[in-house]
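Heads up, the thing below is written out as structure tokens.
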Amino acid sequence: MKIKPEYTLRFEEEGVSVVRVSPAGEVTPVSPISDTAAMAWEGFERGFSRPELAEAIVTEFGGVTREQVEQELDELAAQLIALGYAEE
């Protein structure tokens with residue numbers, strides 16, 4: 001999966017959100033995103049494999065199994081594609 005180049009994350013005191021950047025550089029907020037989803041987003045952008053990304057999330061946040069995280073990563077990837085933020 002690949003995040004489309006016109007979408008990026010914005011980190012602010014209130015939290016993290018997905019924004020769309022137009023070719024002219026205009027930034028439009030799209031939707032809020034959780035810290036865990038933001039970490040996954042960045043991993044997708046960097047080309048991490050699913051197992052590498054799952055391990056990083058388990059290490060960072062704990063409290064879940066690697067299998068749970070891998071399932072949630074699959075669900076997140078499907079959502080990002082459905083919303084048009086990413087493509088396969």
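Does at least one position in segment 79-88 carry a residue that is part of a strand (DSSP E or B), surrounded by 14 or more Cβ atoms within 10 Å (Cβ to Cβ) and at pLDDT 95 or above?
Step one: of segment 79-88, the residues part of a strand (DSSP E or B) are 86-87.
Narrowing the set further to residues that are surrounded by 14 or more Cβ atoms within 10 Å (Cβ to Cβ) leaves 86.
If we keep only those that are at pLDDT 95 or above as well, we get 86.
Checked against the condition, which is being part of a strand (DSSP E or B), surrounded by 14 or more Cβ atoms within 10 Å (Cβ to Cβ) and at pLDDT 95 or above, segment 79-88 yields at least one hit.
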request  = Among the residues of segment 62-74, write down those that are out of contact with any Asp or Glu (no Cβ under 8 Å at 6 or more places or on another chain) and assigned to a helix (DSSP H, G or I).
outcome  = Glu67, Gln68, Val69, Glu70, Gln71, Glu72, Leu73, Asp74
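Quick check, is Val19 in contact (Cβ under 8 Å) with a residue 12 or more places away in the chain, β-branched (Val, Ile, Thr) and in a strand (DSSP E or B)? If you could, list the steps in order and put the result at the bottom.
Working: in contact (Cβ under 8 Å) with a residue 12 or more places away in the chain: yes; β-branched (Val, Ile, Thr): yes; in a strand (DSSP E or B): yes.
So Val19 fits the description; yes.
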task = List every residue pair whose Cβ atoms lie under 8 Å apart, where the two residues are 6 or more positions apart in sequence or sit on different chains, the first residue falls within segment 33-53 and is assigned to a loop (DSSP other than H, G, I, E, B), and the second residue, located anywhere, is modelled with pLDDT of 95 or more and surrounded by 16 or more Cβ atoms within 10 Å (Cβ to Cβ).
result = Ser34/Val16
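In segment 54-72, what residues are surrounded by fewer than 16 Cβ atoms within 10 Å (Cβ to Cβ), in contact (Cβ under 8 Å) with a residue 12 or more places away in the chain and out of contact with any Ser or Thr (no Cβ under 7 Å at 6 or more places or on another chain)? Walk me through it before giving the result.
So in segment 54-72, the residues surrounded by fewer than 16 Cβ atoms within 10 Å (Cβ to Cβ) come out as 55, 59-68, 71.
Cutting the leftovers down to in contact (Cβ under 8 Å) with a residue 12 or more places away in the chain gives us 60-61, 66.
Hits for segment 54-72 are Glu60, Arg66.
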task = Would you mention how many residues in segment 7-34 are exposed (fewer than 12 other Cβ atoms within 10 Å of the Cβ) and of a type in the set (D, E, K, R)?
result = 4
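The values are calculated or read from the model by the stated rules, or taken from the named source; none is laboratory data. If you're wondering where the values come from, they're calculated on a predicted model, not measured in any experiment. A quick note on method: Cβ atoms are made from the backbone with ideal geometry, for glycine too, and the neighbour counts reach across all protein chains shown.
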